[in-house]
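Since the structure comes first, as structure tokens, the remarks are kept for the end.
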Amino acid sequence: DMPRPSISAEPGTVIPLGRHVTFVCRGPVGVQTFRLERESRYIYNESEDVSQTSPSESEARFRIDSVSEGNAGPYRCVYYKPPKWSEQSDYLQLVVQ
């Protein structure tokens, strides 16, 4: 059974225009690829730079150096752990001020 991934944002979900945000996708150990999706599954960034953060968890980080209004909206994570893709995480709403 594959646990659903989780998503969080650092330093938070409300970001002033022009500042940075990092989305953190977390899943179980053995993940090969994390994918950060925007509103739909067809707009995404992918990372194979997966680090193991504990004996049971791995993560990938997606940084936006300078957020604009175009970066606002819902994001979610999904991961590939051979041989299949996980379910998606809940949406996280990024607010740009």
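The values are calculated or read from the model by the stated rules, or taken from the named source; none is laboratory data. All figures in this text were calculated on a predicted structure; none of them were measured in a lab. A quick note on method: Cβ atoms are made from the backbone with ideal geometry, for glycine too, and the neighbour counts reach across all protein chains shown. These area figures cover heavy atoms from the full protein model, side chains too; ligands, DNA and RNA do not enter into them. Shrake-Rupley method; radii C 1.70, N 1.55, O 1.52, S 1.80 Å.
Highest-first packing order for the peptide set 72-81, 49-58, 29-38, 3-12 is 72-81, 29-38, 3-12, 49-58, based on the mean count of other beta carbon atoms within 10 Å. Label-to-label distance, Gln32 versus Val95, with points set 7 angstrom from Cα along the beta-carbon direction: 3.9 nm. Summarising the label geometry, the points placed 7 Å from Cα in the beta-carbon direction at Ser51 and Gln88 lie 2.7 nm from one another. Spin-label pair Ile43-Leu17: with each label point 7 Å from Cα along the Cα-Cβ axis, the two points sit 1.9 nm from one another.
Shown in residue order for region 66-71 are the 3J(HN,Hα) couplings computed by the Karplus curve 6.51 cos²θ - 1.76 cosθ + 1.60 at θ = phi - 60°: 9, 6, 10, 4, x, 8 Hz (x for Gly and Pro). How large is the accessible surface per residue of the chain, computed with a 1.4 Å probe and reported in Å² as a whole number? About 58 Å² of surface per residue is accessible.
Shown in residue order for region 86-96 are the 3J(HN,Hα) couplings computed by the Karplus curve 6.51 cos²θ - 1.76 cosθ + 1.60 at θ = phi - 60°: 7, 5, 7, 6, 4, 6, 10, 9, 8, 10, 10 Hz (x for Gly and Pro). Whole-percent P(r), the chain, all Cα pairs, 10 Å bins from 0: 17, 50, 26, 6, 0. Could you size up the charge dipole of region 6-96 around its Cα centre, putting +1 on the beta carbon of Lys and Arg and -1 on that of Asp and Glu, and report it in debye to the nearest 20? That gives a dipole near 100 debye.
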